[in-house]
Amino acid sequence: PDTPKDFSCQTQDMRIVTCTWSQGGDTYLYEKYSSKYTLFDKSSQKMILCTPSCSKHCSCSWDIGQQRIWNVTVTVENPLGKKTATDVFDVNHRIYPTAPFQVWEECTETEITLHWNHQNSGIELFCQTEVFHPDGKVELHNSSDKHSRHRSITVRGLQPYTEYTVRVRCGEAKHFWRWSEWSEAQTVRTEEATPSGKLDVWREITPVLGGRNVTLFWKQAPGFRANGRSIAYEVTWEKIEDGSRPESISFSSVYNSTRIFIDNHSYRISIMAKNNVNFSLPSVLIISKATDNSTGIFSTEELKEEQVNGTDDGIFISWEPRYIYDSYIIDWCNFPKLQPCDLQWKRFGPNTSSAVINSAAFVPGQRYNFHIYGSVANRASLLEKKTGYLKELPPLHDPVVDKIELTFNAVTLSWDSYLTNESQSGFVRGYHVYISSIQENCRLKGSKKHIFSDNSELCKYTIENPEEKRYTVEHLMSNTKYKLVVKAYTGGGETPIVNFIYIDTPYNSNMLYFLFLLVIVPTLAAAVCHWKKKWVKECCCPAIPSPNKSKVLTFKEF
């Protein structure tokens, strides 16, 4: 047989000792040939009267009486032989307490005191409490109260109105052997307390007749805790100049925004959270007079929007730091085409001058507008405006050529109605004009040869100004058929060519005039000359008289 493994002895109550061990491998011997176990104490030189019980593990228990020192040997024997294992121990050093029971608790906002009973009377115990936090963190707290039958431990530094799971185990204090089993786990909730921290608040101001509509937004900042069963919000606003009576309104926890109307004076707005215990500290916004640019209403038109680029992590925003501000705020709409647009905002410290803004709502091809504010003493001023895409896509539509001016060697195209605003799926950087004759490839002066994936060839002209929506292609051949197309391109490229415009250049009128002078005029002159040949001959070539018929020869002197 195999030697008994992990042989050890212990007691829970100082009256009965239990020894345990593992059987080892299967001997394949059964009934009267199976292994038999006996226990012998060498200290007293006596057999131990106990009946071993075995399944996966074996155990044997007996009453120890007054004996404290034991030298126990377990012997396993079968027809193949026998093996032994020994454990020498002092009972006082082998105490394995029973699990604590009847656990109950007392709570405050930040503390839990656990109480429990135990059966190990007369034994000094050292106990330990395990606390499971909601975030998965586990803490162990030790108890030093060794003499009371009713044990207790106080766990401090907890969060108000939070559920914790706790349990207790104990070990012998003087000669620790091993921990008891854990008590049954208890779920405990601390008491409610005043909300901690402040709400993160923001506003959107819209001028209207006689004043302004102010849409207020709030959310629970990372450092805010409700600390209670139910949470509500209270909004209060008052005029700063004349100290008029404040107005207020309350909202349940399902609300995170409201709209109020104020006149053109300065206002102080505060928003607080409240539970069944008390209010949180107020979060304050100062809305300046309507004539003051710090409201951000009138300064928006003076600021030019700057284009920003998307990255793999979001849209990168940077701004020029101004050291008079104690914080910066960036706001944007998650859904710019909807109303309400789901306004979002994010705060940054005074030493920050750039950020990557990301949202699960951001999609490629959608333009997002960002406003950067500086805040000092709860008063915000608009500093810069940015606009950009998470990722630019090719334009949704091609420019529609609404005017064509054609000569024998040039064509002028116009597409004035094409929009380059936020409706596009990317910043329109410019335009490409593609053209070629039907019969031959690109040979136009001043163009670049462009070969497409299907090996077709076109002449390409590039216009780098998106506001230049007129272009003239020169050096065309007269009386020739051409195909052409105008494509807009963005940072995401351009869409494939689908449809062409076809034009026919007219004949060259100057060439016709030259042909007229060179061919028609001489031909007409020849015809006229042939018709008036005799008259022309008489006019141009008169008959010359014969000298023999001249009378001069009749003079005698000659």
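List of remarks:
- Residues in segment 405-447 that are over 30 Å from residue 308 (Cα atoms), out of contact with any Ser or Thr (no Cβ under 7 Å at 6 or more places or on another chain), open to solvent by 10 Å² or more (accessible area, probe 1.4 Å) and modelled with pLDDT of 90 or more: 407 only.
- Search result, residues across segment 180-197 that are in contact with a Pro (Cβ under 8 Å, 6 or more places away or on another chain) and under 16 Å from residue 131 (Cβ atoms): 183, 190
- Of the candidates 460, 487, the single residue that is out of contact with any helix residue (DSSP H, G or I) (no Cβ under 6 Å at 6 or more places or on another chain), part of a strand (DSSP E or B) and open to solvent by 40 Å² or more (accessible area, probe 1.4 Å) is 460.
- Subset of segment 86-115 [open to solvent by 20 Å² or more (accessible area, probe 1.4 Å), among the β-branched types (Val, Ile, Thr), part of a strand (DSSP E or B) and farther than 18 Å from residue 165 by Cβ]: 86, 88
- Taken over segment 229-287, the residue count meeting the criterion of being assigned to a strand (DSSP E or B), among the charged types (D, E, K, R) and under 32 Å from the mean Cα position of the chain (by Cα) is 3.
- Checking residue 322 against (1) within 30 Å of residue 481 (Cα to Cα); (2) open to solvent by 50 Å² or more (accessible area, probe 1.4 Å), the condition it does not meet: (1)
- Against the test of being open to solvent by less than 60 Å² (accessible area, probe 1.4 Å) and assigned to a loop (DSSP other than H, G, I, E, B), the options 194, 165, 215 yield a single qualifying residue, 194.
- Meets criteria (under 28 Å from residue 283 (Cα atoms), open to solvent by 30 Å² or more (accessible area, probe 1.4 Å) and at pLDDT 95 or above) for residue 385: yes
- Residue check, residue 317 outside any loop (DSSP other than H, G, I, E, B) and open to solvent by less than 20 Å² (accessible area, probe 1.4 Å): yes
- Positions within segment 354-380 being among the hydroxyl-bearing types (Ser, Thr, Tyr) and under 20 Å from the mean Cα position of the chain (by Cα), in sequence order: 354, 359, 368
- Of 388, 365, all but one fail to be of a type in the set (Gly, Ala, Ser) and in a loop (DSSP other than H, G, I, E, B); the exception is 365.
- Sub-8 Å Cβ pairs linking a first residue in segment 439-453 that is among the charged types (D, E, K, R) to a second residue that is open to solvent by 50 Å² or more (accessible area, probe 1.4 Å), at least 6 apart or interchain, are 445/474; 445/475; 448/462; 449/441, ordered by first then second residue.
The values are calculated or read from the model by the stated rules, or taken from the named source; none is laboratory data. The model shown is predicted, which means the values in this text are computed figures rather than measured ones. Here the Cβ is made from the backbone with ideal geometry for all residues, glycine too, and neighbour counts use every protein chain on show. Heads up: the accessible areas ignore ligands, DNA and RNA and are worked out on the full protein's heavy atoms, side chains in. Shrake-Rupley method; radii C 1.70, N 1.55, O 1.52, S 1.80 Å.
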